[in-house]
Each structure stands twice: as structure tokens, then as C-alpha cells.
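What follows is a short report on a single structure.
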Amino acid sequence: MVTSDEGDGDVQPLWLSDGPATAELWTRMRAAHVRSGLWPLLLDSSDPSDREFRPWGSGEVFPEQMSSPTSHDPADLLAQWWTTHTVVDEDDDMLDADRRLAVTAPFGRTWPGLASSRKTATNPEQLAAEFAQAFLTDRPQTRLGIVTAASGAEALTAAGWAGPCNYDNDTAKFSAVVREWEHRFGARVVAVGFSTLHLSVASPPVDEREALLVAAEHFAFCPDNIWQGRRPYTLAAYAERITDAHRWDFWWD
């Protein structure tokens, strides 16, 4: 059991495997969730050679600081974050006003609202299992974490993960948005790192208009995906990359 380094041993939000995870075990634990109430997460470390396996093995998790995902409205959160990330600070901004607004064109500073949900014949659970296998092939040092939670989105908060802390210390807000994506897009939380989040997505956007709206949500949720992602650093370029993409990766710098 991992003990939060904020407490004195009485808060142990998750169980962490001693060695590398397997896709087969992750899939079995995921299928058993309806009976066990335990949600499996593939947990990555900040450094593959790190013996502490931060943040998990070092107890850098803070469930005591989190609120409840049900206390937050995801649409309101995304709109608020969008406003924050699109503001132009002339005294402390590497981009001038025109270049800053060009990043989020065609919307500029105007929040476009949520993308519509999509239905698909793709099985979200099967897709998540396939993604888990691919993730473990790429990151074989990944371990298995077990959290008492109703869903993958809520497991992020229950585990005390603090990946987006540079933007907000309350992970429950991010869980609320991910939970909404679980319903609208068949998203599933598969893996979590020090400041990374990896989702499988059964119903990704399939055309330019849908992709731009989803990209706007991603920018509000994690602006570093665009600000520090692949060139060109624009919403339109990012939207093109997530069109028909069955995995969403987020990283907060």
C-alpha cells in the first residue's frame, strides 16, 4: 500500500505492484471491477531508472487535498479554463496579442462550447485493453495500481494524483472532465504518469468541425498539449492530429 507523504500512515489511497504490470492482469482487474469496486491503473514513473518510482512509490500523492469530482460541472470548468488560458498578459507573455489569438483560431478568446457526443460500434473496454497492451510494450517498467473508485476518472482523484498541479491543485476538477469524456466519447483511463494521462477513446472526432471543438476542450483541460506539443502550435494543427485518433495523451509541464 502506498502511504501519502502528507499523512502519518493512516491514508493509503492505492496499492502498487512491486514489479512490472501485465496487460492480462490489468484486463482481468478491469473486468472484475463491477464486483470488486477496485479500479486498475497502469502507473508510469517520471524516470524509468528511478528506484523510488515517483510519484507512486515515494508517496507523492495527496488524496486529502482533493474535493469530489461530483462537486464540479465539467462544462463550467472547461469554459473557465479556456478564459484563463486565452487571456493576453502584455506584461508577462512571450506572444503578442495577435500571435496568442492565432493559437486558438478560429475561436480566439471565445469559448465555443462542448463538442457533441458520438456513438460508435467500437467496444470501449476492448479498445482500452488493446491500448494497455500497446502502452506496456512501449513502457515495460509500468506498474499496476489498484484504487477503490467507481471509474477510471474518479480513480485519479481517489489515488491523490497531482499531475496537473501547475494549473490546479484539485485533481477532482480534472476527474470531472474525464468522467464527462467517458460518457461522451467512450474514453477510458488506461495509464497515468507523474504529470501525464493516457486515455483510450472509442468515439473520437471524425471531421474538422468536431475535431476543432474537441481540440478546444483539450486546450482548456491541458494547454501544454498545444503550447509545448508538436509544431505548429495551433488548435487547428492539433485538431488534425486527434481526428480519428483512438488515444488521447496529456502532459502538464
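Against the list (1) crowded, with 20+ Cβ neighbours inside 10 Å; (2) part of a strand (DSSP E or B); (3) out of contact with any Ser or Thr (no Cβ under 6 Å at 6 or more places or on another chain), the condition Asp249 fails is (1). For the residues Asp98, Asp89, Asp76, Asp50, the requirement of being at pLDDT below 95, part of a helix (DSSP H, G or I), more than 17 Å from the chain's Cα centre (by Cα) and farther than 18 Å from Asp253 by Cα singles out Asp98.
Contact map, region 26-47: residues that are at negative phi and in a loop (DSSP other than H, G, I, E, B) paired with residues that are surrounded by fewer than 21 Cβ atoms within 10 Å (Cβ to Cβ) and of a type in the set (S, T, N, Q), Cβ distance under 7 Å, separation 6+ or inter-chain. Pairs shown: Asp44/Thr196; Ser45/Gln141.
Screening region 179-237 for residues that are open to solvent by less than 10 Å² (accessible area, probe 1.4 Å) and of a type in the set (Asp, Glu) and picking the one that is modelled with the highest pLDDT gives Glu217. Within region 163-176, how many residues turn out to be surrounded by 24 or more Cβ atoms within 10 Å (Cβ to Cβ) and closer than 18 Å to His198 by Cβ? Going through region 163-176 one residue at a time, the tally reaches 3. Applying the set (1) within 18 Å of the chain's Cα centre (by Cα); (2) surrounded by fewer than 19 Cβ atoms within 10 Å (Cβ to Cβ) to Asn123 leaves exactly one unmet item: (1). A Cβ distance below 6 Å, combined with a sequence gap of six or more or placement on separate chains, defines the contacts here; from region 176-188, residues that are closer than 13 Å to Ala155 by Cβ reach residues that are of a type in the set (Ser, Thr, Tyr) in the pairs Arg188/Ser200. A Cβ distance below 9 Å, combined with a sequence gap of six or more or placement on separate chains, defines the contacts here; from region 209-237, residues that are in a helix (DSSP H, G or I) reach residues that are acidic (Asp, Glu) and surrounded by fewer than 21 Cβ atoms within 10 Å (Cβ to Cβ) in the pairs Ala211/Glu240; Ala211/Asp244; Ala215/Glu240; Asp224/Asp253; Asn225/Asp249; Trp227/Asp253; Ala236/Glu208.
Only one entry of Ala172, Ala159 meets the criterion of being at pLDDT 95 or above, touching a Ser or Thr at 6+ places or on another chain (Cβ under 6 Å) and closer than 14 Å to Pro13 by Cβ, and that entry is Ala172.
The values are calculated or read from the model by the stated rules, or taken from the named source; none is laboratory data. Here the structure is a predicted model, which means the values were calculated and not measured. So basically every Cβ, Gly included, is an ideal-geometry build from the backbone, and we count neighbours across all protein chains shown. The accessibility values were calculated without ligands, DNA or RNA, using every heavy atom of the protein model including side chains. Shrake-Rupley method; radii C 1.70, N 1.55, O 1.52, S 1.80 Å.
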